[in-house]
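The structure appears below as structure tokens.
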Amino acid sequence: METILEQQRRYHEERERLMDVMAKEMLIKKSTVRPKVRRYMEVSGNLRDLYDDKDGLRKEELSAISGPNEFAEFYNRLKQIKEFHRKHPNEICVPMSVEFEELLKARENPSEEAQIVWLALHKLDYITYLSTFDQLFDIPKERKNAEYKRYLEMLLEYLQDYTDRVKPLLDQNELFGKIQNEFEKKWDNGTFPGWPKETSSALTHAGAHLDLSAFSSWEELASLGLDRLKSALLALGLKCGGTLEERAQRLFSTKGKSLEALDSSLFAKNPKTKGSKRDTERNKDLAFLEAQVYEYVEILGEQRHLTHENVQRKQARTGEEREEEEEEQISESESEDEENEIIYNPKNLPLGWDGKPIPYWLYKLHGLNINYNCEICGNYTYRGPKAFQRHFAEWRHAHGMRCLGIPNTAHFANVTQIEDAVSLWAKLKQQKASERWQPDTEEEYEDSSGNVVNKKTYEDLKRQGLL
Ligand SMILES: [Zn+2]
């Protein structure tokens, strides 16, 4: 439907707008232009192909509109356009100018930029992205490739830049040293989330053995996530690769069977060979990037939580309400440029959204002087009830639960003791089992006069020849 000249015009426009957006972003020291550079290259490539005109369609089109029947051609095309819009009255074309304006606006919103990249990689919606982007240990190692590394670098750059803006007094160099120290220790012990030591002896996986009797379907197993399934498969000496579904199905197929009874194709061919030294170094680099992301995600926990709420609110609002809000924001930001004083913070209070220490009464009100301990998080301490409440959905807790082989669902909110979580899980499993379909009492049969009876009664009647 679209003519070649129009396609070319659109590509030219997109190139110019991309260049414009990138220039604007460089000016305000935003370093997330890479996806746009990539798009620019892609668009340029398409444009060149169209000019090359290998199939001769462009030439054809040009001669059609340059005469001698140019008017007939013109009205013919006009007719086509009119017909298209009559057939598709709801087709709204968003002008490219509007699209790019939105892109520039997105810049103002925390992490939406990184989200665009992530979206391209994973096709998630923003809310899902916001609540799961810190669970990097969930991503299978096979997919942690060069692209993933670029993503991490970009995300980290973004988080650092954002932290710079909301917590300008935080010494990020000092932070880097601290992250590195802690990371080195965890890496050497093999306790860094998502990267267990690759010794792959039965010993290291002994703890990974999963009791399958509690699971009634492979779908339930799948809720444990890729890594947990992998370690459970390794513990049995089985192949451990594949998608989440494949791993869950493979593991579930072993339920109630002895290892000898299993199909030999399920077993791993060779004991997992240790990666080369270069692989190990590459993995360590990736893991260190992840360690930094984890740290920044924690520092920005409050901001992330607010963004989450904000997006949810936005999605619930109508277009009109949204416009009103935007107007309010504009007038707010106009009156904001007054304060620029030196910050006095003798009690070392945490900084608020404005980069200034919060008032002491607010500090007490929010209970930030109270520490909460969580055993599931490896006895990590959280400051204040808010951070504590939030942490149940964050990476450290999610990882702790995964290691226990327990799905991190709402049932386990506020459970911090390993023992409590394990016994609650056992109880839930029991409950599930009793709710499960029980054919002996629940399957319906009909006797000869059409009455509904259960299986047991039916068989009794049949045995007595009463049917
Ligand atoms: Zn926890």
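A short reminder: the numbers here are calculations on the coordinates, not readings from a lab. Nothing here was measured: the structure is a model prediction, and the numbers come from that model. Note that we place each Cβ from the backbone using ideal geometry, even for glycine, and neighbour counts take in every protein chain shown.
Rounded, prolate or oblate for segment 236-311? Axes are the square roots of the Cα gyration tensor eigenvalues, ordered a ≥ b ≥ c, and the cut-off for rounded is a/c under 1.5. Because a/c hits 1.5 or more and a/b fails to exceed b/c, segment 236-311 counts as oblate. For the pair residue 64 and residue 259, label points projected 7 Å from Cα toward Cβ lie 6.9 nm apart. Of the trypsin sites (Lys or Arg not before Pro) found in segment 361-467, those that fall in a DSSP loop while having at most 13 other beta-carbon atoms within 10 Å are 436. Checking the cross-link pairs 186/277; 36/197; 167/386; 144/185 against a 30 Å limit on the alpha carbon distance flags 36/197 as lying beyond it.
What's the extension gain from residue 96 to residue 181 if we count 0.36 nm per residue and subtract their Cα-Cα distance? Kindly include the intermediate steps, with their values, before the conclusion.
Working: separation 85, 0.36 × 85 = 30.60 nm, distance 4.79 nm.
So the chain would gain 25.8 nm between residue 96 and residue 181.
What separates the Cα centres of segment 131-164 and segment 370-405 is a distance of 21 Å.
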